[in-house]
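Read-outs: derived from the displayed coordinates by stated rules, not from any lab. A quick note: this is a predicted structure, and the numbers were derived from the prediction, not measured. All Cβ positions, even for glycine, are placed from backbone atoms using ideal geometry, and neighbour counts span all protein chains on display.
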Amino acid sequence: MDAVNTMAPWREAFDAFAANDEAAAMGAKSREQAFARFEAHGLPTRRHEYWKYTPVRGLTADTGVVSRAAADPFAGVDAYRLIFVDGRIDMSRSDHAALAAVADIAGPEGAPWMEGVYGTLQNRDIPGAMFQVERPFADLNMAMFTDGLAIRIPADLALDKPIHLRYEGAVGSHLRLVMLVEAGASMTVLESGAGALTTAAEIVVEDGASLDHVRAQNEVGERQFTALYAKVGAEAAFKSFTLCADSALVRNETVLTMAGDNGSGHVAAGVMGLDGTLIDNTVYVSHEAEHCESRQVIKSVLDGNAKSVFQGKIFVKKDAQKTDGYQISQAVLLSENAEFNSKPELEIYADDVICSHGCTTGSLDEDAMFYLRSRGCTEREAEALLVAAFIDEAIMEISDEGLQEIMRATTDEWMQARAGK
């Protein structure tokens, strides 16, 4: 079947969505343009530069989502909870009114502040870069998103508790986040649940503001594709951490633009995989201002024939002097059949920078295992302790200590489940 025929069912699905779904009126022109890009690109294969480790097979326009039997790590967190079921917000179970009382939530008609966020980050090429980022599933999301969250955090407001986005259902839905964190404001966003085939976020963190993002992907049974675009202003801070476990195929893309002097941007992930798992974390950080810091910390623990992929790039423009960019990707293989693919990249045009990357792959330290066994630990207990310590470097990138403990507990649950398999 040629590419045109392969994409024909997707075109039919999009046309039906555009004609019949009430959500399609929001950004109709942008939707059509986004779908045209998705249609031209096609489903990613190994021929596509940023997808050669993660080819997509068997995905159709009516593909649903499957959840694993796992607990929601954020269920007990005091948060503004917004629950989406089959691509639509469930107002009866959501704290929409309470959140709207302290922040600005845009309705279906949008809001003036959205003009500088919606579509602008996703559609922006990285100026001066040798290669631009391919974004087919972000385009699919923009074309067919049914619901999501559009929110503005007013200047100097420290949101009193996190916003928790919870995705449930079996329909292969597409959900979108558009967020403006105004100057001096701060907030935390949590994400969990398997009930979305694609999610996409465009986030602007203005001067002096901060945003912490923590995502749990321990319930995704089959596929999930995410895209996050963030623009970080002067003296602003952005942090994102994702815990991924045992999904048939997860692809997380993060494109971070350091747009103001003295900003900081951290992207971290802890990956845990058993048989049949393929988890891909692809990160692109563009330094476009002076004295900015970026960190990419990816830790993978793989068993059986699980696979993990990390593609990380640091791009530094000519005027982005005093850049401090660092990335580390490390994997522990608990099986001879496990596989870790790492593709670190540096593209630097400034001459006064500190940029580095490191990558290691191996088994658990035999001396450390011997020490723990000699102190009375069983082999499984020793493995669990060493895995917890290994993953913890990524977990430490989370600002909130309570959320750190929740992610550590989820890591422990994975090791316990592995021991009982």
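Any idea how many Lys pairs in the chain come in under 21 angstrom at the alpha carbon, given 8 or more places apart or on separate chains? Here the count comes out as 21. Ranking T198, G116, A129 by Cα position along the charge dipole of the chain, where only Lys, Arg, Asp and Glu carry charges on their C-beta atoms, puts T198 farthest toward the positive end. Note on the chain: GNM, Cα springs under 10 Å; of A245, A19, A230, the largest mean-square fluctuation is that of A19. The calculated P(r) of region 138-285, using every Cα pair and 5 Å bins from 0, goes 2, 9, 20, 22, 20, 14, 8, 3, 1, 0 in percent.
What do you get for chymotrypsin sites (Phe, Trp or Tyr not before Pro) in region 31-91 restricted to DSSP loop and a cutoff of at most 14 other Cβ within 10 Å of the site's Cβ?
Here no chymotrypsin sites (Phe, Trp or Tyr not before Pro) fit, given the DSSP loop and packing criteria.
In terms of packing, defined here as the mean over residues of other Cβ atoms within 10 angstrom, the peptides 85-93, 183-191 line up highest first as 183-191, 85-93.
In terms of other Cβ atoms within 10 Å, E336, E393, E219, E39 run from fewest to most in the order E336, E393, E39, E219.
Taking the average, over residues, of other Cβ atoms within 10 Å as the packing measure, peptides 140-152, 156-168 rank 140-152, 156-168 from highest down.
Highest-first packing order for the peptide set 274-286, 350-362 is 274-286, 350-362, based on the mean count of other beta carbon atoms within 10 Å.
If you take every residue apart from D90 with its C-beta less than 13 Å away from the C-beta of D90, what net charge results, scoring Lys and Arg +1 and Asp and Glu -1?
Charge balance in the 13 Å sphere: 0.
Computed over the chain with a Gaussian network model linking Cα atoms closer than 10 Å, the most mobile of A106, A237, A16 is A16. Of the GluC sites (Glu not before Pro) found in region 85-161, the ones in coil according to DSSP and having at most 10 other Cβ atoms within 10 Å of their Cβ are E109. If you build a Gaussian network model of the chain, linking Cα atoms that sit under 10 Å apart, which residue out of E339, E235, E381 swings the most? Of E339, E235, E381, the Gaussian network model singles out E381 as fluctuating most.
Over all pairs of different C-alpha atoms, the chain has a mean inverse distance whose reciprocal, the Kirkwood radius, equals 21.8 Å.
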